[in-house]
Structures are given as C-alpha cells and as structure tokens.
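Coordinate-derived values only; no laboratory data. The structure displayed is predicted, hence computed values, not measured ones. Every residue, glycine among them, receives a Cβ derived from its backbone with ideal geometry; neighbour counts consider all protein chains shown.
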There are 2 protein chains.
Amino acid sequence: MQALIIAPISGIISILAALYLFSNLVKQEKGTEKMIEIADAIREGSNAYLKRQNQTLAVFVLIMAVLLWILLSFQVAVAYVLGAVCTALASFLGMAAAVRANVITANAARGSLDDAFKVAFYGGAIMGLSIVGMALLAISTLYFIFGPEGLDIILGFSFGASALALFAKAGGGIFTKTADIGADLVGKVELGIPEDDPRNPAVIADNVGDNVGDVAGTGADLIDSYIACVVASMILGRTLGIDFIILPLLIGAIGIFASLIGTFFVRTKNQDPGAALNNGTYLTCFFFAILAFLLINYLGLEDQGFKIFLATISGLIAGVIIGITTDYFTSIDKAPVLKIAEASKTGAAMNILSGFSYGLMSILPPIIGVCAAILISFNLVGVYGVSISAVGMLSIVGMIISTDAYGPIVDNAKGIAEQSGLGEEVVKIADKLDAAGNTAKAITKGFAIGAAALTVLSIFAAYSELVDIKSLNLMKSDVMVGLFIGAMAPPFLSALLILGVQKNAARMIEEVRRQFREIPGLMEGKAKPDYARCVDIATKGALKELVLPGFLSIAFPLAVGFLLGKYALGGFLGGSIVSGIVFALFMSNAGGAWDNAKKYIEDGNLGGKGSKAHIAAVIGDTVGDPFKDTAGPTINTLITVMSLVATVFAPLIVKYSLFG
Amino acid sequence: MQALIIAPISGIISILAALYLFSNLVKQEKGTEKMIEIADAIREGSNAYLKRQNQTLAVFVLIMAVLLWILLSFQVAVAYVLGAVCTALASFLGMAAAVRANVITANAARGSLDDAFKVAFYGGAIMGLSIVGMALLAISTLYFIFGPEGLDIILGFSFGASALALFAKAGGGIFTKTADIGADLVGKVELGIPEDDPRNPAVIADNVGDNVGDVAGTGADLIDSYIACVVASMILGRTLGIDFIILPLLIGAIGIFASLIGTFFVRTKNQDPGAALNNGTYLTCFFFAILAFLLINYLGLEDQGFKIFLATISGLIAGVIIGITTDYFTSIDKAPVLKIAEASKTGAAMNILSGFSYGLMSILPPIIGVCAAILISFNLVGVYGVSISAVGMLSIVGMIISTDAYGPIVDNAKGIAEQSGLGEEVVKIADKLDAAGNTAKAITKGFAIGAAALTVLSIFAAYSELVDIKSLNLMKSDVMVGLFIGAMAPPFLSALLILGVQKNAARMIEEVRRQFREIPGLMEGKAKPDYARCVDIATKGALKELVLPGFLSIAFPLAVGFLLGKYALGGFLGGSIVSGIVFALFMSNAGGAWDNAKKYIEDGNLGGKGSKAHIAAVIGDTVGDPFKDTAGPTINTLITVMSLVATVFAPLIVKYSLFG
C-alpha cells in the first residue's frame, strides 16, 4: 500500500517533465515574419475552435453533472466534472505545445533534419507526458481520498474523461475533414493549385484541423481508454484484495518511467526518423517489461505474480503485433496499397472497391491479436487478467501519444514551410519528417484500437460484476436482442459522423468556390483570401454535427438498459464491442490505404499527378478521410463511453428497468 | 401425424403447377428473328455458365460427401448430395423458365403491358413454385423414411442445399457484376453508347448475369433459408413432442397453398405493375394467416396453439415491416436517395460518403423489426417460437421467389427490346415493368435478410441443443473470442467477394476495350463483337474467385470448433449472425440507394445524363453493384452455411476439440 505513493509522484514528475520541455520549446527561434504570421493564424484558429468547443461542452457537462448528482451522488457528479476538465485541460496543453512546435520545427528544418525532428518529437512529448501524468495523479489522488469503497466515484471521473474525449474526437474529426476535403476538392482537384497553397481560403482551416482533430482529439481518445482500463481493473481487483486494486496504478507509474526513459532514446542522427520513432516505442516496451517484472516480484501478489506479469506483457505484445500487421495493409510499399493504386487505372469505382475490400480484410490480424491476448490473460488470471493486459498495453501511452502528436506537428510544419516559401530543400526535409509520422501512426493506431477492445472488455466485466450478472447467456432472447442492437450502434453512429463531414464539407466547398469567384486577384496571388470565414464554417458545422451522435451514444445504452434490463444491456455492450472494433479497424485502415495509394501515384507512378489513375485515387483518398480521421477513431471512444454509461448507471438500471 | 401427408402432397401440387406454367410458357410467340437470336445467345451463355458451375461444384460436393460419410454416416452424406442436387435442379429449372420468359415478355410488350406483365410474373412463378415444392417434398419424404430420429440426416440435406446455394449466389453474383461493370464502364462511361447497346461486347454477358446471378442465385439463397429454418424448427420441436416436429412442415404446406392462391390475384389491369406484385404478396400473407389459424386450431398443440400462431404471424409481419422500412432508404422519391443525388453535385467522393452513410443508417429499422420478432416469439413459446416465427416469415417463400424472379426477366426483356430495335413504345413498357421489379425487390430483400437472421438464430439454437450447451456465457473468454472471430468472418468474406468482382471486372474492361480497339467497324455497328469471349471471361473469373470464400466459409467454423471448442463455436455463430445481418443490410441498401440516385439523375434531374453529378452518381452505382448483388445477398447464405457446418459437425466437435 505504501508503494502506491509512487503513482502520484510519477504523475507529478511526468507533468514537470512536460513543463520543462514546454519552457524549452518556447525559447526557440520561430523563423521569418511570414512564418510567424501563418503560425499565428493557425494558433488563433485552433484556440478559437477549442474555446467554442469547450463552451458548448461545458453546458453538456453541467447538465450531465446535475443529472448524476440527482440520480447517483454529489461525489460522482464532481468526479465526472473533474474528469471532463482534466481531459479538456490536457488536450488544451497538448495543442498549445503543438501550435508552437509546428513553426519552430519548420524553422529548424532550415538547419537540419535532426534538429527539426527533435523539436517536433519533444513538442509531441509535451502532450504525451502531461496528459498521462495528470490522469494518474488524479486517479491516485481520488483513491487516496475515497479508498476502495469509492471506486464508483473514480468511475464517474472516467466517465467524465470519456464523454469529453468523445466530443473532442468527434468534433475535431469533423472539423479537420471538413477543412481538408474542402481545401483539396476545390484547390487541388478543381483549380489544380498545390496542397497548402496560401491562395486557398481553406488552407488555414486545414492546418487548424490537424491540431484540433489529430492532436487534441487523438490525445483525448487514448487517455480516456487509459483511465477507463485502470478504473475497470481496480473494480475487478476488488474481489482479489487490496494489492490487486492498486496494481493498475503502480503499472501506470512504471509505464510513465519507461516512457520518460524511452523519450531520451529517440534520436535520428541521420537515420530514418520513422525508425527513430519506432525504436523509441520498442525501447519503452522493453524498459516497461523489466520494470513490471521487478514491481510484480516485489509485490508478490499471492503467488499469482508471474501469471499477472505474463498477462501484462501479453497485452503489450499484442499491441505491437497489431500495429505491425496493420501496418501491412496501409504501407505504401506493400501489396494492398499497390493493388489499390493499380485498380485506380480502371477508375474511381475500382479504387473504392479495392480499398474497401482491403480495409475489411485488414481486420483479421488485429482481431486474432486481441483474441490471443484475451485467451492468454483470461486463462492465466481470469477476467482480472484481461483488464491487466489492457493496462499493460496502455501503460506506455505516454510514449504512444508523444509519437502520435509528432504527426500533426510535422504536417503543420510542412504546411508552414510551403506557404512561406522556404524553398525546396526545407520542404523536402519537412516531407521526410511527415512521411515518418504516417508510418508511426500505424503502430499507434494498432495500440489505440487493440487497447480500446481490451479496455471495453474490462469495463464490460466490471459492469457485469456491479449488476451482479453471473452468466450472460447468449441463448436468452434479451441478451441476443441486446447483442443485435449493440452491433448496430457503432455503424449507425459512424454514419452520422460521416454524414456530418459530408454535409459540412459541402458547405466549405461552396465557400471556397465563392471566394475564388468573388475576390478579385485571389487566383493570381494579388489578394488575400478570407481564412477566418472558412475556420468559422468548419467550427460551427463540427459543433452542430456532433450533437446527435454524442447524445445517442449516451441514450442508446440507457434506453436498452431501462427498457429491456441488465441482461439486454450486457448483450448490448458485447455487440457494440465486437462491431465497434470491426468498424474501427476497417475504417481506419481503408482510409490509410487510400491515402497512401494516392501518395504512391503522386510519387510519379502509374502516370503520376494529373493522370486518370491520380484523379481516381484522389476520390478514394477523399472518401477515406472521414473514415480514418473522423468515424474510425471516434468509435474507440464511443464504445468506451457506452460501456461507462452502462457501468455508471448500473445501480439505477438494476432497480428501474421496465421489462428487465 | 396423418395430417403430415399434406406436406408432400402440397409439394407435388406446387411442382405440377410450375410444370403447367412452363408448358404454357413455351407455347407462346417469341417474336422476330433478331429477338430470337439475342435470346438464344443469352440462353446459351446462361446454360454454359450453369453447366460449368455445376461441374466445378460437383467435385466439391463429392469431396464433402466422402468426408461426411467417413466422419459421420452414409445417410448424412447421401442427404447432403440430395440437398445439393435439389438446389441445383431448382435453380436450373428457374433459369430455364427465365431465359425463355424474357423474350416472350419482350414480344408480349409489343401488344400490351398487361400481357407482358403476365408472362414475366408467371415466368418467375415457375421458379418460385417448383423450388419450394421440391424442398418440401424432399424434407417430408426424408422425414417419412427416417422419422424423428433421422433429423440429423435432414440436417445433412439442408447443409447440401445451403452449400450449393452459397456457391450459386457467390459465383452468380461475381459473374453478373463482372459483366455489368465491364459493360457499363467502357460502354456507357468511356464511349458514351447506351445501356444494352448490341455493339457492346459485354452486353450478352450482362444479360446472362441477370439470369445466373439474380434468378438462379437469389432463388437458391431463399430456398436454403427456407429448408434450414424448417429443419432447425423440427430439431427444436423434438423436446416438445411429435406435433411440434411436424408443425413446420405443415406450415410450409399451407404456405404453398397461400402462394398458389396469391399468384392468381396478381393482375395489372392498367394499374401499376409494382402495386400488383406487392398486392400479391400482401394477399398471400393474408391467406396464409387464415390457413395458419385454422391449421393450428385443428392441431391443438397442447394449449400452446394461439401463442404459436402469434409467433408465426410475428415473423410474417416483421418481414413485411422490414421490407417497407428498408424501402424508404432505397426509393427514388425518398430523402436518402435524393440527398445522395444532391451530394453527387460536389463529386464522386461525396456521393460515396453519403450513400455509405445512409446504407449504414438503414440497418436500424430492420434490426428493430428482427428484435421485436425475437422478443415476441421467444417470450410466447421460447426458442421454438423464434424458429417458428422464421418459418412463418419464410412460409410464403414461393410467392417471394416468384416476385423476385420477375425482376431479372423484365430486365432481360428490356435488354432484348432495345437490342432488337422494337421501338420506343415497347421499350417504354419494358421500362415500366423493370421499375416495378426494383420496387418489389425491396420487400423481397427485407424478407430474405430478416428470414436469414431468424433462421440462423434457429440453427444456432439447434446447435446449442445438439452440443448440449446449457448456457453460452458471454463473460467467458472462449465465448467472447468466438464472438470476435465470428463478427470478423462476414466482412472478411465479403471483402474477398468484392475483390473478386473488382479483379474480374478489370479483366472484362480490358477485353471490351480490346475488342473496340481491334475489331474494325465495331463502333460503327458494321461488325459484330465477340460476345462469347466476354461470357467466358465472366465465367472463368467467377468460378475462380468463389473458391477461397467458399472454402473459408466452411473452414472458419470448423477451425474455431476443433481448436477452441463448442462454446467458442457458439460465440462464433452469435458474432457471425449479428455482424452478418449488419453487413448484409448495409451493403444491399447502400447499393440500392446508389443505383436509384443515378436513376434519379438520369431522369433529367440535377443536370441529367452527362452532367458532373451524373458522372459522380455512375461511380457510386458501380461501387454499389457488388455490394447489393454480390456480397450483400451472399452474406445471408454465408451465415446459414456457417451455422449448418457447426450443427452438422457438432457431434465431432464435442469429441475432438483441442482446447475446448
């Protein structure tokens, strides 16, 4: 029990490290006036969006908090608000770092690749370290205050974090793709001007989107899984003893130390930056495994130690394997992407059909990976083992978020380099950094989805324990009906998100066309476009379109629970997990493959830019945009939120179900 | 028990009625020499494909039969072969009628719409009546021979029927879309010649495809569900008593009578042919309900009578409701299709994204319908009730198949009318008949998917009973892992099918382009294209591409069962049912919506033919083709086959599972 003190300490260390990196970052050179001007526009747009998003969400969070207060308890309501604020703060901090690191990276790229890489990576690490530090500090503090009896309060904290993450991910995802599609379809396709061209009115909105969608959104997504799986393990550990309750927090703490050490080893030294990022991840895993072994040995854990260690590691290894195999389906030099590119020669429909198919096929390896982790960890230590394997997988989330946030920073840096005319050499370096971000993304995505699967299974188990379900028999009609409705929920809600992007992008396209038509001299570069108006359209649309899916993600499980009872709700969660994972993997990977098929052609293959194949591939890429950056990653958070809703409201559902 | 004699008798009456209609059909006028020439080409192509398909499948069926003989028993092996032969024969007969009715319909359309409609509908009814008659005759004969102890033999029969149906549906589906896409992309899009233009080398293959895919394939798909749900109900009825075992057969018999009466009432008399078809279906439902009430009253069924009647009717009503609500998402005058058409104005990507989204949203009403039928029938009579509601839904399958086969017949008739230059007036009538086919399709599709869901649930229940699973607890790791793998199977196998179409269509496109390039005078209409070569490409490709998905659909459940045991296999079936229904509905409806969005634009809206919106909508339609006519409908059969594999091999899986 005394060992638990390392949890908040590691959280504080992590936050301090992030603050140190931040203070280091802002001291550095930002480059030319033009660069600063562009970076300021991006920063202002990002802040404006986040401010408006948080204002909108504050209303929602408060309503929900009042409901929780009335229906459950004051403490749960406060914990819920705390969780939401924590996630909002972390994504704000991460974005604050990213919108500063982008221009500094661009400026450093005028020197060398090594320097630029360092800025971008440590820029991302600010988010990774601060967010994981805050999460662990908050959970362990809550535990110190309320003890094992207060786990439902910590559950409220997790619910708050996830609800905010869902909105951040969905809203950010709609924003970023609205801007991206709007900029591309009019700029690149209709007018033939390059990507990131300053004449394009949607170009700033596009860069803002990278920050609000990929930095703030993805960070929130990962951290909500992290919190949820730690809490679920703690609940499941309750029947096993105090050591098992605090173990997830301790694993979290050593995960932070492993991530901190790992970040020191991320160095390029003229080597491929993609390899540097991956090496960092692998090394972190390695350090984590050693520390976990020592920790579990020290705790003893009633002779279960070695089994629990294996369960922890099985999650970690599954995460890496999922990442690597998933990578195959989205890599620019592997068969699937090459075949999608090849299919583009016979037109857009063939490109779509083949990308769609490879996306569906890509779900096989990760599902086998998740299943292996489930079977191993369950058979070693029961359902607690599954949750511990999720904790193992997510323990290195600090490193994972750092690597992930690197992506949008270098993407932005590339945009700034192009818009401020830094010359071919600098753009080339930025391009190289950007490509590395895409490679690393595959592994982090594998982690995120695999972790979501195991996390939601843990919450599912925690739910069953809380509502006292001994057996969730699939041969009963209520469980089966729940399973059907649960399986329907993720695709249905994805559809709403994609439709949101499609509708909002249509508005953006009209606006960009209008500006080119009505602003004289814009095409010739003599007049400036109205960037702010595009940012405004993306913002308003994103906030409008996220309301319905956000509401339904809470209404669905409550409706099933209160109408059909706790068994149906259990079936619902089971259905939503499997269908959610299938759709999340399919959409993320199909989108990634389409993106790279287009890049492959743009690299001069199959006729290169402007060829028939290229036009087809651009259509595929556009279809894939909301798949991979809006709906796909939102599903992770969606299924987490739905299972947390079920778990938080479990005591009421048991009492007041209509037909249950 | 004596009442059972009406089952084979009704089967024989149904077959005799079909033969009578056939003899009536072939007596009628076929029209001009040109028409006969085209019809002959279509017939020869269709026969050639079916012959080659059946030759290929014969090998597979024999290997499987030997395996079943060695592993299970000689009787099961024979029943398996019988089931396969029965389905092959029925789809052969249906196609034989369809490839004759098409030209006669075209010729009758030179007279009046009423006459042409009658030919087409009764042409379709030949298939509907013969197939359902044969199925019921075979099952009841097997039951007379082997009695209640021989239900595993009847299960073998069902497995044979489903295995053949899967290959027929998958192979036919790949064939038809290979030809359709090949003909459209080169003919309509690249060269701008009209649909069904005789200069297009793939036009005969396209017409052949309608027959081998939509007639033979869909008929096989529906009949395999019918047989499977009857058998599953009989197995589930075993614990309840002899009356409950024979009830499904008796319901089948009165379904035949209701269908026979219903077909008499299908008349146009200057009214809308679509309404005539739907009225026929509704009337059949009505007659069925009355007969079912009388039958169940007569049997008594230990005071369960009224409850069982309600369960039967709940399935029927769910089928109709599913059809009607699904119709909303694919109708040319409803919001989803109009919005997809609207989105086409901003390009192909937007058309795809919006069709994709509405397709995903369309799964909600049918799933609610299926869930309602499950809850009602389960709570009335337990798991037997669910299977009886499936039997209720499928009882009128004779009428459903008749209505469904009408579609490709009038589609072909339209093609023949256009290719042989029968003039605008005749083509207009054919067009009207064709549009009615599309409307009716929505309802039959609703039936097919809803019925598949309930059928597979019944087999699932029968499986659980056979392997003696008392509870399939979703909180056990093996059940959950099974659920994951099961949920992955339908999308994975759909991907293989879509990829098959895409690859084969690419070959077809090359060939059509080659013929236009190398045959001098083809474009000017002075030379004849090489139709046979296109038919050959479609045939070879279809047979090649169906091997892997066909094999995996049997290998997946066996691998899960023999590796992970009977509980994991139970979870697998549960996962495959829910994910299968989600994907089947999504793909069928998205495809239908894209098709009608294109038609809406072609009707002169949003710029009409040749406009930017039209080009985008054609891409969407092409993407939708394999969704709605290959992968979507194959999933129905796929999940039936997988659950039958599990059930047939159940005794072995219980004995020889590795980790189970």
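Across the stretch B:398-407, computed HN-Hα scalar couplings (Karplus, 6.51 cos²θ - 1.76 cosθ + 1.60, θ = phi - 60°) run x, 5, 4, 5, 4, 5, 5, 5, 4, x Hz from first to last residue, x flagging Gly and Pro.
Taking the Cα centre of chain B as origin, work out the dipole magnitude from +1 charges on Lys and Arg Cβ and -1 charges on Asp and Glu Cβ, in debye rounded to 20. Kindly include the intermediate steps, with their values, before the conclusion.
Numbers: 44 positive and 50 negative charges, 110 e Å.
In debye, rounded to 20, chain B gives about 520.
Based on Cα coordinates alone, diagonalise the gyration tensor for chain B, multiply each eigenvalue by 5, take square roots, and list the semi-axes in whole Å, largest first.
On the way: eigenvalues 297, 143, 111 Å².
So the equivalent ellipsoid measures 39, 27, 24 Å along its semi-axes.
Taking the Cα centre of the protein assembly as shown as reference, the dipole from Cβ charges on Lys and Arg (+1) and Asp and Glu (-1) amounts to some 260 debye. Mind running the shape call on the stretch B:249-347? Use the C-alpha gyration tensor, a ≥ b ≥ c as the square roots of the eigenvalues: rounded below 1.5 for a/c, prolate if a/b tops b/c, oblate otherwise. Verdict is oblate for the stretch B:249-347. Let me make sure I get this right: for the stretch A:534-639, a, b and c are the square roots of the gyration tensor eigenvalues over alpha carbons, sorted descending. Under 1.5 in a/c it's rounded, otherwise prolate if a/b > b/c, else oblate. Which is it? Verdict is oblate for the stretch A:534-639.
Of the residues A:509, A:471, A:165, the one whose Cα sits farthest toward the positive end of the charge dipole of chain A, with +1 on the Cβ of Lys and Arg and -1 on the Cβ of Asp and Glu, is A:471.
Here residue A:58 yields copy-to-copy label distances, from shortest upward, of 7.8 nm, the label point defined as 7 Å from Cα along Cα to C-beta.
Between the alpha-carbon centers of the stretch B:310-356 and the stretch A:115-161, tell me the distance in whole angstrom. Measuring centre to centre over Cα atoms gives 44 Å.
Ordered by the number of other Cβ atoms lying within 10 Å of each residue's own Cβ, fewest first, A:206, B:536, B:621 fall into the sequence B:536, B:621, A:206. Give the aspartates and glutamates whose C-alpha is closer than 19 Å to that of residue A:51, dropping any in the same chain fewer than 8 places away, or say none. Once the sequence-local aspartates and glutamates are set aside, what remains near residue A:51 is A:40, A:206, A:210, A:214, A:221, A:536, A:545.
Which one, B:153, B:175, B:143, projects farthest toward the positive side of the charge dipole computed for the stretch B:106-208 from Cβ point charges (K/R +1, D/E -1)? Of the listed residues, the answer is B:143. Only aspartates and glutamates eight or more places from residue B:655 in sequence, or on another chain, were considered; those with a Cα closer than 15 Å are B:468.
Taking 0.692 mPa s as the viscosity and 37 °C as the temperature, the Stokes-Einstein diffusion coefficient of the stretch B:486-553 based on its alpha-carbon Kirkwood radius rounds to 239 µm²/s. Taking a straight line from the alpha carbon of residue A:470, these aspartates and glutamates sit under 17 Å away, with near neighbours fewer than eight places off in the same chain left out: A:478, B:478.
Projecting the Cα atoms of A:549, A:309, A:377 onto the charge dipole of chain A, computed from C-beta unit charges around the Cα centre, puts A:549 farthest toward the positive end.
Once backbone amide H atoms are built at 1.01 Å from N, residue B:471 has no partners under 5 Å, excluding neighbours fewer than 5 places away on the same chain. Take residue A:528, push a point 7 Å out from Cα through the beta-carbon direction, and compare it with the same point in every other copy: 7.2 nm, smallest first. When the trypsin sites (Lys or Arg not before Pro) in the stretch B:452-561 are filtered for DSSP coil states and for at most 11 other beta-carbon atoms within 10 Å of their beta-carbon, the remaining sites are B:470, B:526.
Taking 30 Å as the cut-off for C-alpha to C-alpha distance, list the pairs among A:27/A:334; B:414/B:540; A:339/A:441; B:414/B:612; A:188/B:598 that go past it. Flagged as over cut-off: A:27/A:334.
Only sites in a loop by DSSP and with at most 16 other Cβ atoms within 10 Å count here; which trypsin sites (Lys or Arg not before Pro) in the stretch B:251-316 make the cut? Can you show the working numbers first?
Details: sites: B:267, B:269, B:307; in loops: B:267, B:269.
Here the trypsin sites (Lys or Arg not before Pro) that fit, given the DSSP loop and packing criteria, are B:267, B:269.
Principal-axis analysis of the Cα atoms of chain B puts helix B:273-299 at an angle of about 10° to the longest axis.
Once you mark the GluC sites (Glu not before Pro) that are in a DSSP loop and have at most 16 other Cβ atoms within 10 Å, what is the longest gap between them in chain A? It works out to A:196-523. Residue by residue, the stretch A:643-655 carries 3J(HN,Hα) couplings of 6, 5, 4, 4, 6, 5, 8, 3, x, 6, 5, 4, 7 Hz when phi is fed to the Karplus relation 6.51 cos²θ - 1.76 cosθ + 1.60 (θ = phi - 60°); x denotes Gly or Pro.
Counting chymotrypsin sites (Phe, Trp or Tyr not before Pro) as exposed when in a DSSP loop with at most 16 other beta carbons within 10 Å, what is the longest stretch of chain B free of them?
Numbers: sites that count: B:265, B:659.
So the longest stretch without any such site is B:266-658.
Starting from the coordinates of the alpha-carbon atoms of the protein assembly as shown, obtain the Kirkwood hydrodynamic radius over all distinct pairs and give the value in Å to one decimal.
Values: mean 1/r = 0.0318 Å⁻¹.
Kirkwood hydrodynamic radius for the protein assembly as shown: 31.4 Å.
Here is how far apart the residue A:197 label points are across copies: 3.6 nm, shortest first, using a point 7 Å from Cα toward Cβ. Normalised by the number of residues in chain B, the mean separation of alpha-carbon contacts (under 8 Å, six or more apart) gives a relative contact order of 21 percent.
Panel order for B:25, A:497, by other beta carbons found within 10 Å of each beta carbon, from fewest to most: B:25, A:497.
Got a sec? How would B:445, B:628, A:609 order by Cβ neighbour count within 10 Å, fewest to most? Walk me through the intermediate numbers first.
Working: B:445 28, B:628 25, A:609 15.
Neighbour counts put them in this order, fewest first: A:609, B:628, B:445.
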